[in-house]
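The values are calculated or read from the model by the stated rules, or taken from the named source; none is laboratory data. As the structure is a computational prediction, the values presented were derived from the model and not from experiment. Virtual Cβ from ideal backbone geometry, glycine too; neighbours counted across all protein chains shown.
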Amino acid sequence: MWRMSVPSHLPDSRQSLLGFDIEGNEVWVIRGISQKAYTCPGCYGTVEIGEDHVIAQTVHRVGGTEHRHWHRGCALRTLVPALRRVKPVNARESGRAKLESRGKRAAGKRGRRTPRR
Ligand SMILES: [Zn+2]
């Protein structure tokens, strides 16, 4: 029986997960409904249009973002267990625009708030 901080559930419309991959990049695990068909990186099967699935959006330490679409089962078996320090976050923190703007700066330069001057 392994013990990790991995939540036993996947993200829903109110809650996402935030973890880190082996290279220390942020990986935001977000619930999504697909607008088109995608190939799941876990099983190479198709995530169908309209399917309730999981979006893994990586915000790289050096800046830049990328995202992949996973089946929920594949994300639970493969994606989430591979992440470190996984914690639940409010889904409002994981909007795509927010994460893309987060990816415009390298990790060390991303303060949690903009300094006032
Ligand atoms: Zn899959």
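Here's a check for you: in the stretch 27-44, which residue that is of a type in the set (A, V, I, L, M) and touching an Asp or Glu at 6+ places or on another chain (Cβ under 9 Å) is nearest to the ligand (Cβ to nearest atom)?
Narrowing the stretch 27-44 to residues of a type in the set (A, V, I, L, M): 27, 29-30, 33, 37.
Next, only the ones that are touching an Asp or Glu at 6+ places or on another chain (Cβ under 9 Å) stay: 27, 33, 37.
On the way: Val27: 17, Ile33: 16, Ala37: 12 Å.
Among those residues, the one meeting the criterion is Ala37.
Which residues, taken from the stretch 98-117, are at pLDDT 60 or above and either among the β-branched types (Val, Ile, Thr) or in a loop (DSSP other than H, G, I, E, B) (or both)? Walk me through how you get there before you give the answer.
Within the stretch 98-117, the first condition is being at pLDDT 60 or above, and the residues that meet it are 98-111.
Scanning the stretch 98-117 gives Gly103, Lys104, Arg105, Ala106, Arg110, Gly111.
Can you tell me which residue is nearest to Ile33 (Cα to Cα) among those in the stretch 49-95 that are away from the ligand (no atom under 15 Å from the Cβ) and of a type in the set (Ser, Thr, Tyr)?
Ser94
Among the candidates Trp28, Trp70, which residue alone is touching a residue at least 60 places away in the same chain (Cβ under 8 Å) and of a type in the set (A, V, I, L, M, F, W, C)?
Sole residue among the options that is touching a residue at least 60 places away in the same chain (Cβ under 8 Å) and of a type in the set (A, V, I, L, M, F, W, C): Trp28.
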